[in-house]
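For reference, the structure discussed in these notes is given below.
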Amino acid sequence: MISVAPSGLDYLGGLTQGSQWPRLGLNSDRRFAAYCLALGLTLIAATQFDKGSRNGDTIANPAPLLFRATMANKILLIEDDPGITMALMDLLNAENYRVETAADGLTGLARACEGNFNAIILDVMLPGKNGFDVCRDLRQRSITTPILMLTARGQVIDKVLGLKLGADDYLCKPFEPLELLARLEALLRRSRTTASEAEPLDTFSFGSVTISFRSTEVFRNGKPVELSAREFQLLRYFIAQRGATLSREELLREVWGYETGMLTRTVDVHVGLLRQKLEDDAKEPQHFLTMRGHGYKFVG
């Protein structure tokens, strides 16, 4: 691994003259370096590369950065500064994260409630609704997505307040990009461990419906409801992901095992069947909700 921490002038020289950064093969980091310079951050450009991939002094096939995500985790970035947003998107995309953004607290809260994110990076000083309030509202709505808070306010009381409101970690600006990546990976790792250790549900109830997962039985108002195997699988997945907006593509992939890109009405048909069998009024569903332009959400 090679670590380089040049000064701001070195950044500009490498970017404009193509001298230092091209020799290290840090294509994405060259773009990020320009943003970091404007933000007053210090970039540690760390690169791993395969042995035997050298060509003189040039690294031919670098594998960018040591915290590359093994899966495309979905991150929500709630930040109102366009420069920081662009910088972090560049950094996270280079690490194989899928990033969605929001520029104010109200939009960020709505996106966090609708989307199925693996983690949220949340700035404190936001227009519309500050990060503390967004964090509190998410936890009050039983949304347990890991939250990493960013702030220029380094007072201990601010950190304590954020953590007490439900944040999982706290990072003060300016920060090292690699520290953000390390903290984000730690949050995701703890989240995966917690999910794997969680006790599977034996029963679940919503409205007048009770489901026994062990016996694969469903009752409504105390009377048994006949569900097909696929309907039961879809119901189980909705309950496991309750509160999250699920796209048709995700449902096809996770419940049916179909590859993405298929055009089919299968999901709509099966959701309609669940509404007919389990909702009090299938035309005005209260639990299996349509999120127009996005997919479906189960609320129970």
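The values are calculated or read from the model by the stated rules, or taken from the named source; none is laboratory data. Just so it is clear, the model here is predicted, and its values are computed rather than measured. Counting neighbours? That spans all protein chains shown, and the Cβs are built from the backbone with ideal geometry, glycine included.
Restricting attention to the stretch 282-300, the residues that are more than 22 Å from residue 218 (Cα to Cα) and assigned to a loop (DSSP other than H, G, I, E, B) add up to 3. Among the numbered conditions (1) touching a Leu at 6+ places or on another chain (Cβ under 6 Å); (2) in a loop (DSSP other than H, G, I, E, B), tell me where residue 125 comes up short. For residue 125, the exception is condition (1). Every condition in (1) in a loop (DSSP other than H, G, I, E, B); (2) buried (at least 22 other Cβ atoms within 10 Å of the Cβ) holds for residue 112 except the one numbered (1). Close contacts from the stretch 107-119, counting a first residue that is in contact (Cβ under 8 Å) with a residue 40 or more places away in the chain and a second that is small (Gly, Ala, Ser) and buried (at least 18 other Cβ atoms within 10 Å of the Cβ), with Cβ to Cβ under 6 Å and a gap of 6+ residues or different chains, come to 116/244. When the stretch 71-109 is limited to residues that are outside any helix (DSSP H, G or I) and small (Gly, Ala, Ser), the one that is surrounded by the most Cβ atoms within 10 Å (Cβ to Cβ) turns out to be 102. The condition of being at pLDDT below 90, within 26 Å of residue 76 (Cβ to Cβ), surrounded by fewer than 16 Cβ atoms within 10 Å (Cβ to Cβ) and in contact with a strand residue (DSSP E or B) (Cβ under 7 Å, 6 or more places away or on another chain) does not hold for residue 187. Do we have residue 65 as modelled with pLDDT of 95 or more and within 20 Å of residue 182 (Cβ to Cβ) here? So residue 65 fails the test.
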